[in-house]
1. Sort 191-198, 387-394 by packing, meaning the average of other beta carbons within 10 Å per residue, with the highest value first.
2. By average Cβ neighbour count within 10 Å, what is the ranking of 219-225, 204-210 from highest down?
3. Starting from the Cα of residue 345, step 7 Å along the direction of its Cβ; do the same at residue 406; then give the gap between the two resulting points in nm.
4. Return the FRET efficiency for the residue pair residue 188, residue 240: r is the Cβ-Cβ distance, R0 is 41 Å, and the value is rounded to the nearest 0.05.
5. Order these peptides, 228-237, 81-90, by their mean beta-carbon neighbour count within 10 angstrom, highest first.
6. Please give the Cα centre distance for the range 386-446 versus the range 142-162, rounded to the nearest Å.
7. Viscosity 0.890 mPa s, temperature 25 °C: give me the Stokes-Einstein translational D for the range 320-443 in µm²/s, with Rh taken as the Kirkwood radius over C-alpha pairs.
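What follows is calculated from the coordinates using simple rules that are stated; it is not laboratory data. The shown structure was predicted, so the numbers you read here are calculated from the model rather than taken from an experiment. Note that each Cβ is placed from the backbone with ideal geometry, even for glycine, and that neighbours are counted across all protein chains shown.
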């Protein structure tokens, strides 16, 4: 603690730093990267580890953003529709309406109502795809933060990673499997109605769209479901989840390049069903733009998956013990100036308020210390600047990695009391220090 009362960076070397334990090599399997929503259709993803956020007093009582409009909570999981969905729904309505004009010209302007129904029904199919991922995750005891329907499909935000390649494969496969089942159901329904009617056209469109969603998501590259399946296979063969992530991410990048070049080429050659002479300049431009967007999403998702996997591999190095500031115990009525003097003499960087029996009851907040002018400190008791220790504000010194981040997120605070297994005070952990260490781990080159 310097003369201003502000604790120094715990990463700085010096005799007052708590002893660093032996370096540990991340053992066992490391949680893989989060997936991203599958372009052109749904996908499931794992929520990346997030640093604990310093509580904002002004934010108290404000509702956290949910990521869109809340539509319901099937299986207890909130489903949100992102604002971008309305843009896609309008685009689908316009495109499908143009197709209906050629197939069912007698509909007139009512074709856009039919097209809007198709857009809603298609995204209902996407929701079924995502619910398949969600149900599988809940079955494997994996918490699901939310489902979000957005621009290019949907995503199930699963907060934990599976513990085995077999479960990873199942979790990824159930989404495309349900899309295939839906495509089959719509095909059966199409055979039961009269061709050339509104129900027949709608069922045919839903069958084809769900088939495209299933096939596209089965492509073996991250961030698609097929990429997670490939990752699971490589993980099983090598015993290393990171090897699976690297392989699936690079295949995903190759897939992005293939989409960027291949989609406009297929359209130009007429391989997608339209004769080359029917394709105008606007159509070619639209296809090229769509290919560029899809390729960018796949490339970015693959790179993000690889980056987050490497971060997760480093997370075990973030331990409460190595990030803790040494602290000294002071009683509630100790003048702040005296407490700072004792801390400086002991080489400590934090203050813990204890009762007469030496039991910790509160932590003196760093921000409050800095805010007291030096000439007033002899008349300010440390107890007036302390935050009472609540449930969750005690952290075991050996807590590390995602377990540490989860613990801090569960009980937001600016400082935490770090204790030894015996219950002895080890020091104080600052959220700001954890955030800095987290950012440093993300920035560190491989």
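1. Numbers: 191-198: 11.1, 387-394: 13.6.
The densest-packed peptide leads the list: 387-394, 191-198.
2. Details: 219-225: 27.7, 204-210: 20.6.
Taking the mean over residues of other Cβ atoms within 10 Å, the ranking is 219-225, 204-210.
3. Result: 4.4 nm between the two label points.
4. Details: r = 43 Å, r/R0 = 1.06.
So, using R0 = 41 Å, E works out to roughly 0.40.
5. On the way: 228-237: 22.8, 81-90: 15.8.
The most tightly packed comes first, giving 228-237, 81-90.
6. A separation of 27 Å, based on Cα centres.
7. Values: Rh = 14.8 Å.
Value of D from the Cα-based Kirkwood radius: 166 µm²/s.
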